[in-house]
Amino acid sequence: MEKGLISVIVPVYNTADYLHICLNSILSNTYKNLEVICVNDGSKDNSSQILRELAEKDSRVKIIEQENQGVSVARNNALDAAKGEYISFVDSDDWLHPQYYEILLYLLEEKKSDIAVCQFKNCKEYEADFKAYDSLDTISYVRHNNASQINGDDRTNISRALYRAEVIGDIRFKEKLTLCEDVLFNVEVFFKNNLSGITVTKEKLYYYYQREDSAVHSLSNIAKLDSIDWYLSHIEEFKTDYSKKEVISEAIKSLLWLRFCCKYSYNKKELREIVKPRIEKCNRYLDLFGNKKRKVYGLMLAHPFVYKAFRIYQDKAILLTIYDLKHPHSIAENKNKKWRKLAYNFLSKL
């Protein structure tokens with residue numbers, strides 16, 4: 001392990017159109033002590049040629065070539081080869097703020113933490129209007145003593161975090177998973193270690209490029225089901241309620257999304273046969289959650305229209321209003337006329 005070195009892991013598959021922007025954003029970062037491990041996962045475009053050209057210009061670029069085996073295998077091979085004291089993951093179609101590593105390393109060292117996390121910005125095209133941070137002391141942050149204190153979104157995305165290599169240790173990505181494999185990786189890192197601290201900043205330093213042909217958007221329904229089934233069959237391996245909640249949350253969200261997206265791919269009977277046994281397994285773990293979240297998940301699992309309401313309005317208030325109308329004695333009725341009207345509308349379709 002080389003002191004002060006950050007190992008940046010970049011899995012590459014058919015992203016030739018984005019590689020220059022991605023890798024240049026890494027190599028031009030203000031913190032220079034980097035090794036950039038690019039794993040070409042059997043790309044069929046000219047990604048490999050671009051990597052070789054960049055490696056000739058900058059010795060910090062290291063290339064691993066492998067047959068197409070998926071992003072988890074690519075990341076694992078890079079982890080095995082990494083020499084850095086710190087680990088970072090970057091998707092090959094995204095890009096970084098010029099001070100990304102300078103800031104996250106400052107939050108790790110100055111705040112005595114094991115993991116530093118920033119926020120991200122969704123982009124549909126490249127943008128380079130970066131805020132300059134002249135003094136790192138002015139950066140807003142919150143330091144948490146353990147993972148359970150952190151917002152769920154801040155502990156599920158690997159690509160906007162900087163890790164001490166020692167907290168990753170021998171933890172690796174589940175190679176059979178093709179959906180949310182990064183979530184399970186982080187669940188293990190966050191909950192299987194006695195972390196000394198996690199520092200989270202509200203600054204948006206990671207730029208996520210949204211494209212329709214990305215791996216997440218192109219996954220088959222079978223691949224999504226395989227991931228859901230893995231969550232449900234391995235949940236008991238996670239010993240704490242916190243980690244179990246993270247795993248079952250991902251299973252529920254993936255299942256709801258799959259049912260919502262596949263309503264035109266299967267007839268009603270087929271879709272019901274696919275979804276029903278998995279919903280029953282999810283329902284067994286709802287008691288892990290607090291009162292509100294248990295109600296929200298329970299409603300969405302039971303009634304597809306309720307999930308549709310959430311997709312449309314992106315507000316949990318309508319879900320709790322529907323729950324109150326169906327269970328009038330549970331808690332006080334929601335008095336907001338807007339949500340009550342929407343709730344009645346959706347209830348009429350249940």
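Derivation of every value follows stated rules applied to the coordinates shown; laboratory data play no part. Quick caveat, the model's predicted, so the values are computed rather than measured. Neighbour counts run over all protein chains shown; Cβ positions are idealised from the backbone, glycine included.
Name the residues of the stretch 74-101 whose amide N is less than 17 Å from a point 7 angstrom out from the Cα of THR30 along the C-beta direction?
96-101
Report, as a whole number in µm² per second, the diffusion coefficient that Stokes-Einstein gives for the stretch 2-212 at 4 °C and 1.567 mPa s using the Kirkwood radius over alpha carbon pairs. Spell out each step's value before the answer.
On the way: Rh = 17.2 Å.
D = 75 µm²/s.
Treating only the Cβ of Lys, Arg, Asp and Glu as charged (+1, +1, -1, -1), what charge dipole size does the stretch 43-117 show about its Cα centre? Round to the nearest 20 debye. Before the final figure, lay out the partial values.
On the way: 9 positive and 15 negative charges, 27 e Å.
With Lys and Arg at +1 and Asp and Glu at -1, about 140 debye.
Sort THR138, THR30 so the one with the fewest other Cβ atoms within 10 Å of its own Cβ comes first. Could the numbers behind the result be given before it?
Values: THR138 7, THR30 12.
Arranged by neighbour count, lowest to highest, THR138, THR30 become THR138, THR30.
Are there any GluC sites (Glu not before Pro) in the stretch 31-128 that are in a DSSP loop and have at most 12 other Cβ atoms within 10 Å? List them by number.
On the way: sites: GLU35, GLU53, GLU56, GLU65, GLU67, GLU85, GLU102, GLU109, GLU110, GLU125, GLU127; in loops: GLU67, GLU125, GLU127.
Within the stretch 31-128, the qualifying GluC sites (Glu not before Pro) (loop, at most 12 other Cβ atoms within 10 Å) are GLU67, GLU125, GLU127.
What ranking of SER48, SER88 emerges when the number of other C-beta atoms within 10 Å of each C-beta is taken as an exposure proxy, fewest first? Write out the running numbers ahead of the final one.
Values: SER48 17, SER88 25.
Lowest count first: SER48, SER88.
Give me SER43, SER28 sorted ascending by neighbouring Cβ count inside 10 Å, so fewest comes first. The partial results should precede the final answer.
Working: SER43 20, SER28 10.
With the sparsest Cβ surroundings first, the list reads SER28, SER43.
Could you tell me which of the pairs LYS253/LYS308; LYS245/LYS295; LYS176/LYS253 are separated by over 22 angstrom between their Cα atoms in the structure shown?
none
Which one, ALA55, ILE87, TYR133, is farthest towards the positive end of the dipole of the stretch 43-161 when Lys and Arg carry +1 and Asp and Glu -1 on their Cβ?
The listed residue farthest towards the positive side: ILE87.
What is the extension gain from SER159 to ASP229, computed as 0.36 nm multiplied by their sequence separation minus the C-alpha to C-alpha distance, in nm to one decimal? Before the final figure, lay out each step's value.
Numbers: separation 70, 0.36 × 70 = 25.20 nm, distance 2.45 nm.
The span from SER159 to ASP229 would gain 22.8 nm if fully extended.
Set the Förster radius R0 to 41 Å, insert the Cβ-Cβ distance between LYS292 and LYS112 as r into 1/(1 + (r/R0)^6), and round the FRET efficiency to 0.05.
Working: r = 34 Å, r/R0 = 0.83.
It comes out at approximately 0.75.
Do any of LYS3/LYS204; LYS112/LYS202; LYS32/LYS112 go past 24 Å between their Cα atoms, and which?
Working: LYS3/LYS204 27 Å; LYS112/LYS202 18 Å; LYS32/LYS112 21 Å.
Correct reply: LYS3/LYS204.
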